[in-house]
Amino acid sequence: MPASVHASHLKAFQSALPAWFQTVARDLPWRRTDDPYPIWLSEVMLQQTRVDQAQPYYERFLAAFPTIEALALAGLDEVLLQWEGLGYYSRARNLHCAAQMVVRDFGGRFPDTYEAIRRLPGVGPYTAAAVLSIAFKRPHAVLDGNVARVLTRVFTIDDDVKKGRTRRHLQQLADVLLPPEKPGVFNEAIMELGATVCTPTAPRCPRCPVQEACGAYAAGTPEAYPVSAKKAPLPHYDIAVGLVFNDEGEILIQRRPEDGLLGGLWEFPGGKQEPDEALEETCRRELREELGIDIAVVAPFQTLAHAYTHFKITLHAFRCRLLQGMPVSANGCPVQWIPVAALKDFAFPRANRRLIEHLAKQALNPSLFDGAAGPGSF
Ligand code: SF4
C-alpha cells in the first residue's frame, strides 16, 4: 500500500463513499443494465460530454443501433449522423470500428479481459477499467479528471496532475482504495463525488462522505488542488468557406478525410486565410486549389466564432456562384452537389450546422436573400 494511504482512507472510500452513492445515485439509463455494449457506449460519450447533454444522444444512438451487431453493420455516415453535435468525432469512428472488431474477432461478445478490451480502437485505460468494473465486476480502478481532483485533494498531492508520473501515482492510490468486491460501485461513486460534490470550484465539503479523510479540507485549501501547469493560449485562425450554388440551385459539399480532425464529416469547402489576403480571395483560392473550380463570391453570408480543443477559428462564410469547372477533390475525398433540403441527411461539424440553420432562416424569409444564386426550399 502507498505510504500515504491509512486505515481512515480505506474506511472513507470503501465504506462511506459507496454508502453515500447508494443514496444519491442519479437514475441514468446506462445504470439500469449490465450489458457491456450500452455501458461502453455511455462511457465513450461521457468522456468529453456532460451527462445531461449525452443522455438524449445515448438514447437516440441505441434506438438506431440497439446491438453491437447493428452498429457493426451500419455505414460510417449513419453513425456520424447520429453522433452529430456531440463533437470529438474520432470517438464515433472508433466505436464503429471497435464494434466491427468485436463481431469479427470475438463472435459478437464484448471482450472481458483487460488485454483484449485494450485492443479495441479508442479504448484506453479509463474506458477499459470502467467497462470491466461496471459490466463484468472486475477489480480495475478508473482515473479520470473527477477522480484525479478528489484524490489530489484528499491526499494533498501538489505535483502537476498532467504529468505521467503524477497520473501513475494517482492510479496506484485508486487501485489501493478500490474494494475488490464492488469495483463498479466504487468507480461510479468516486466519479459522481468529483462531478457533483468535489467540484473544481466551491466544493461542497460539508456534504462530502470522505471529508474526515481529506487533507485539503483539514487544511482549508481544497481549491488549491489539483495543481497543473498553465495552458498556453489557443492559436486563432480565420477560415473562409464558400456556400457555392450551381445553376440548378444545388449546393456544394465535400467530405473530410477520415483520419483527421472531424474525420468523415461533410463540410462547405474553404480554408485558412493567408497573411495579407482578403477573405474573399481566400475563398476563391481555396476552392481553386482544393476542388479545381472557379467561383464568384456573391456576398458575405455569416461570420461566427468556434473553438476546438487546440485552436479557435472565426469562420467567414460567403455565398458563391459556380463560374466554371467540375469539382474534384485534390485529396480524393467525395464531393457532391445536393439540394439544400438534403443537408439534414449528412453529418456536419457544429460550425457548419450553424451555417445551415442560418440558410434555413433565409429560405423561410427570401427578402433576406438578394442574390441570383440562392437556397432552394427546405
Ligand atoms: Fe473534495 Fe471537500 Fe470532499 Fe475533500 S472534503 S474530497 S475537498 S468535497
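FYI, it's all coordinate maths here, none of it is from the lab. In this text the structure is predicted, and so the values were computed from the model without any measurement. Neighbour counts run over all protein chains shown; Cβ positions are idealised from the backbone, glycine included.
Give, as ranges by residue number, the residues of region 241-257 whose backbone N falls under 19 Å from the point 7 Å along Cα→Cβ of residue 299.
241-252
Per-residue counts of other Cβ atoms within 10 Å, averaged by peptide: what ranking do you get for 214-224, 182-192, highest first?
Packing proxy ranking, top to bottom: 182-192, 214-224.
Specify the residue with the greatest mean-square fluctuation among 242, 164, 87, computed from a Gaussian network of the chain linking alpha-carbon atoms under 10 Å apart.
Result: 164 has the largest fluctuation of those listed.
Can you list, bin by bin at 10 Å, the percent of alpha carbon pairs in region 57-137, starting at 0?
18, 50, 30, 1
What is the distance in Å between the Cα centroid of region 302-363 and that of region 226-247?
15 Å
Using alpha carbons only, how many degrees (0 to 90, rounded to 10) separate the axis of helix 350-364 from the longest principal axis of the chain?
50 degrees
Take the alpha-carbon centre of region 15-63, take the same for region 172-196, and report the distance between them in whole Å.
Each part reduced to its Cα centre gives a spacing of 15 Å.
Of the residues 57, 89, 237, which exhibits the maximal mean-square fluctuation in a Gaussian network model of the chain defined by a 10 Å Cα contact cut-off?
Its mean-square fluctuation being the largest, the pick is 237.
Report the extension gain between residue 311 and residue 34 in nm, rounded to one decimal, defined as 0.36 nm multiplied by the number of residues separating them, less their alpha carbon distance.
95.9 nm
Can you give the angle from 0 to 90° between the axis of helix 51-64 and the longest principal axis of the chain, with both taken from C-alpha atoms, to the nearest 10?
70 degrees
How far, in degrees from 0 to 90, does helix 145-154 lean away from the longest principal axis of the Cα atoms of the chain, to the nearest 10?
Long axis of 145-154 versus the principal axis of the chain: about 30 degrees.
Among the lysines, which have Cα under 17 Å from the Cα of residue 231 when same-chain residues fewer than 8 positions away are ignored?
Partners found: 162, 163, 312.
Once all Cα-Cα distances of region 40-95 are split into 10 Å bins that start at 0, what whole-number percent is in each one?
Values per bin, smallest distances first: 24, 64, 12.
Just to be sure I understand: with springs between alpha-carbon atoms less than 10 Å apart, which residue in 285, 165, 153 has the highest mean-square fluctuation in the Gaussian network model of the chain?
Among 285, 165, 153, the largest mean-square fluctuation in the Gaussian network model of the chain belongs to 165.
So what is the orientation-averaged projected area of the chain, using the convex hull of its C-alpha atoms, in nm²?
Approximately 21.8 nm², given one-decimal rounding.
Which distance in nm do the two modelled labels at residue 48 and residue 277 give, with both placed 7 Å along the Cα-to-Cβ direction?
2.6 nm
I'd like the FRET efficiency for residue 230 and residue 113, computed as 1/(1 + (r/R0)^6) with the beta carbon distance as r and R0 of 45 Å, rounded to 0.05.
Given R0 = 45 Å and the Cβ-Cβ separation, E is 0.65.
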